Amino acid sequence: MTKYYSINFDLPKRDSKKITFVILHYTGMKKESEAIKRLCDSNSKVSSHYFIKNNGKVLNFVPDKYIAWHAGVSYWKKFKSLNRHSIGIEISNPGHDHGYKKFSSKQIISLIKLLKNLKKKYNIKKQRILAHSDIAPNRKKDPGEKFPWEKLAKKNLCNWHNLSNHKIKKYRNSKLKVFEKKIFFNNLSQFGYKKIKNKKEKTNLIKSFQRRFRQNLINGKIDKECLLISKNLIK
């Protein structure tokens, strides 16, 4: 791991017991070098604790015990402004606006190693290793539907459903009744997502859920497949 330095963080140091989340991001910029520069630029007002390059090399911008500026306006269960409680990891990827691509195997290998270390060091529960889009679904898409959440789940590094993808696919695009849609949103709220009433924001919430748990169809529409996954997640 190589240490770089970003001055974009809050003082004083926080108690390590307050570090209870890890939030995963993609950089969303055309060039990796520009993303690194931005995260270390005092004028950008953004930063992360770690940065994973395309070649898998891990950079450390902000020490863990300082609050980095990566989550922004965010929510998960009773927590707001997750910067205070989290470690932010940026993974180099141009993102949806600049030719979104698969994450390299070297990046994922490095990420798994880093997550294992952080999880053990701070006793972070796998349920609290989240996507930026989970905690800010109306603003963010990252790390997106090409991120291998299921692979991380097999390493006990995040939540995933235990349903057969092949078996539940037959329920895709099947319409739900009004009460079933309410159950879906209640399940998401119980899981941790913010309760939302606005129609447009609800669509963004559904897409965020799909980017995480039903990655090969992101349409913002609830069907029985989505409902079954949501039920399984809160068991």
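The values are calculated or read from the model by the stated rules, or taken from the named source; none is laboratory data. Quick caveat, the model's predicted, so the values are computed rather than measured. Backbone-built Cβ (ideal geometry, glycine too); neighbour counts: all protein chains shown.
Of the residues in segment 58-67, none is over 20 Å from F103 (Cα atoms), in contact (Cβ under 8 Å) with a residue 60 or more places away in the chain and among the hydrophobic types (A, V, I, L, M, F, W, C). Listed conditions (1) in a loop (DSSP other than H, G, I, E, B); (2) assigned by TED's automatic domain parsing to the domain that holds I87 are all met by S133, apart from (1). Taking the criterion of being in a strand (DSSP E or B) and among the β-branched types (V, I, T), the residues of segment 43-69 that qualify are I52, V58, I67. Here segment 158-205 is the region considered, the condition is being within 22 Å of K141 (Cα to Cα) and touching a Lys or Arg at 6+ places or on another chain (Cβ under 7 Å), and the residue that is surrounded by the fewest Cβ atoms within 10 Å (Cβ to Cβ) is S189. Within segment 20-29, is there a residue that is more than 27 Å from S208 (Cβ to Cβ) and in contact (Cβ under 8 Å) with a residue 40 or more places away in the chain? No; the residues of segment 20-29 include none that is more than 27 Å from S208 (Cβ to Cβ) and in contact (Cβ under 8 Å) with a residue 40 or more places away in the chain. Taking segment 214-227 as the range and being surrounded by 16 or more Cβ atoms within 10 Å (Cβ to Cβ) and within 15 Å of K175 (Cα to Cα) as the test, the residues that pass are I222, D223, K224, E225, C226, L227. Of the candidates N173, N216, the single residue that is at pLDDT 95 or above, part of a loop (DSSP other than H, G, I, E, B) and within 28 Å of G28 (Cα to Cα) is N216. Among the residues of segment 95-112, those that are of a type in the set (D, E, K, R) and in a loop (DSSP other than H, G, I, E, B) comprise D97, K101, K102. For segment 98-143, a tally of residues being small (G, A, S) and either in contact with a Lys or Arg (Cβ under 6 Å, 6 or more places away or on another chain) or closer than 19 Å to G192 by Cβ (or both) returns 3.
In this structure, is S48 in contact with a strand residue (DSSP E or B) (Cβ under 9 Å, 6 or more places away or on another chain), at pLDDT below 95 and within 27 Å of L205 (Cβ to Cβ)? No: the conditions fail for S48. Summed over segment 70-94, the residues that are within 21 Å of K17 (Cβ to Cβ) and part of a loop (DSSP other than H, G, I, E, B) give a count of 6.
Of the residues making up segment 55-71, those that are out of contact with any helix residue (DSSP H, G or I) (no Cβ under 6 Å at 6 or more places or on another chain) and within 21 Å of Q127 (Cβ to Cβ) are D64, H70.
Here R211 passes the criteria (1) surrounded by 19 or more Cβ atoms within 10 Å (Cβ to Cβ); (2) touching a strand residue (DSSP E or B) at 6+ places or on another chain (Cβ under 9 Å); (3) over 22 Å from K170 (Cα atoms) except the one numbered (3).
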